[in-house]
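Take a look at the structure below.
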Amino acid sequence: MSLDFNIKECKLSTVAYGTASTSFLATRCLHQISLDCNPQNPELSDITRNSFYMDDLMSGASSNREAIILIQALIENLDARGFHLRKWRSNSRGVLINISKNLEFSEPNVEIHPENSSKALGLTWDSKEDRFIFNINFRFEGHITKRSFLSQSARLLDS
C-alpha cells in the first residue's frame, strides 16, 4: 500500500437497505414529508405522519369520491419525494377501478388487490365484509404459566 494516494470520500445518496437504521430513516423521511406538506394540506400531512405502519399505509375515507381524491393526493405527494405507492386494497370496487384506470400505464408495478383479506400486525381486514379479524391460535402444552401465556399471546402480532 502506498501513502502517495489521496483519500477519497464517498457518500451514499440513498438509504442503504439492510442496515440497522433503515426502518428509522424511512420513518423519518415520511415524518419530514408530513412536515413539508402540512401548510398546503394538513389532512394529507396527518395521514402521512400517522397512518403508516412500517411500509403499509392504512387509511380510509367516508365516500368513494373522497377516497379517490385522497389517493391521488397521496400518490402525487409521495411520488414527488421518491416513495411510490403500489399496492392497493379497498372495500369499494369503484375505488379500485378508478385506481387501475388512472395508474394503468404510468405505474408498471402497481398491484390492485380485489381479493378478500389483508394482514398487518396480526390484524386481518376482510375487505369484502369490511370487518377486522384477529386469528388466534394458542398452543399450550401442559400446565399454563405466565411465561407460556405471554409467549403464546405475543404470537398474535406474528400471525
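The values are calculated or read from the model by the stated rules, or taken from the named source; none is laboratory data. What you are looking at is a predicted structure, and each value in this text was computed from that prediction instead of being measured. Virtual Cβ from ideal backbone geometry, glycine too; neighbours counted across all protein chains shown.
Observations on the structure shown:
- Qualifying residue in the range 55-62 (condition: surrounded by 12 or more Cβ atoms within 10 Å (Cβ to Cβ), at pLDDT 80 or above, in a helix (DSSP H, G or I) and not polar (S, T, N, Q)): no
- Phe105, sole failed condition from (1) at pLDDT 65 or above; (2) in a loop (DSSP other than H, G, I, E, B); (3) more than 26 Å from Tyr53 (Cα to Cα); (4) not small (Gly, Ala, Ser): (1)
- Pairs are defined by a Cβ separation below 9 Å, a sequence spacing of at least 6 or placement on different chains, a first member in the range 1-15 that is on the phi < 0 side of the Ramachandran plot and of a type outside the set (Asp, Glu), and a second member that is assigned to a loop (DSSP other than H, G, I, E, B) and modelled with pLDDT of 75 or more; the pairs so defined are Thr14/Gly82; Val15/Ser21.
- The range 7-27, subset in a loop (DSSP other than H, G, I, E, B) and surrounded by 10 or more Cβ atoms within 10 Å (Cβ to Cβ), residue farthest from the chain's Cα centre (by Cα): Thr19
- Any chance Leu70 is touching an Asp or Glu at 6+ places or on another chain (Cβ under 9 Å) and either in a helix (DSSP H, G or I) or loosely packed, with under 14 Cβ neighbours inside 10 Å (or both): yes
- Breaking point among (1) at pLDDT 80 or above; (2) surrounded by 14 or more Cβ atoms within 10 Å (Cβ to Cβ); (3) closer than 29 Å to Gln40 by Cβ; (4) not small (Gly, Ala, Ser), for Gln152: (3)
- Some residue of the range 37-55 being under 24 Å from Leu96 (Cα atoms), within 19 Å of the chain's Cα centre (by Cα) and of a type in the set (Phe, Trp, Tyr): yes
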